[in-house]
Amino acid sequence: MKKTYLQTTGRCLCGEVVYKIDGFATYQLTCYCRDCQYLSGGAPNTSFTIQDREFAILTGQLKEYSRPTDSGSKVTRYFCGNCGTLVYGKSSRWKTDVSIRVGCLDEPSVFSSQMNVWVSSAQPWHKIDTSKPTYDKGPI
Ligand SMILES: [Zn+2]
Ligand SMILES: [Zn+2]
């Protein structure tokens, strides 16, 4: 898996939550699962993984929402308590990983999707770039 070094910041839509990243982004992915469709407004969601020690919230209050997944683990998603922007998620299965949502980066253009996951839940009108590794469910 290609790693991209990121030293950058991000924030929610209203600007109350600000975070910084200093580390290697792995698992740059596009997820078509139904949960992501709810959270994105219907499109797939784009995210990448970094280690939690490479990520720090600088300002703002986050709310969290946890939900079990089909694989039996639990995913907790963290939102701005004011504007509702989804900032990141954590899985009970990979405890030191933080999954950052690309849309709240100050420079989302640094993202480069490396795989498609959960395409079994994709909608007919989603455009899937099948030149990338593509998985019916999760990659692992
Ligand atoms: Zn906000
Ligand atoms: Zn998803």
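Nothing in this text is a laboratory measurement; each read-out follows from the coordinates by a stated rule. Model, not experiment: these values are computed from the prediction. Ideal geometry is used to build each Cβ from the backbone, glycine not excepted, and the neighbour counts take in all protein chains shown.
Residues whose amide H falls under 5 Å from that of SER113, counting only those 5 or more places apart or on a different chain, are absent, with hydrogens built in the peptide plane. Within a straight-line Cα-Cα reach of under 17 Å, LYS63 can be paired with the following lysines, leaving aside sequence neighbours fewer than 8 residues apart in one chain: LYS74, LYS90. Take every Cα pair under 8 Å whose residues are at least 6 apart in sequence, average their separation, divide by the length of the stretch 1-83, and the relative contact order is 28 percent. Normalised Debye scattering of the chain at q = 0.14 Å⁻¹ gives log10 I(q)/I(0) of -0.62, counting only Cα atoms as equal scatterers and leaving out solvent. Residue by residue, the stretch 43-55 carries 3J(HN,Hα) couplings of 6, x, 9, 10, 8, 9, 10, 9, 7, 5, 6, 9, 9 Hz when phi is fed to the Karplus relation 6.51 cos²θ - 1.76 cosθ + 1.60 (θ = phi - 60°); x denotes Gly or Pro. Highest mean packing first, where packing is the average number of other Cβ atoms within 10 Å per residue, the peptides 80-91, 64-75 line up as 80-91, 64-75. The alpha carbons of the stretch 62-140 give a radius of gyration and a Dmax of 14.2, 39 Å, in that order.
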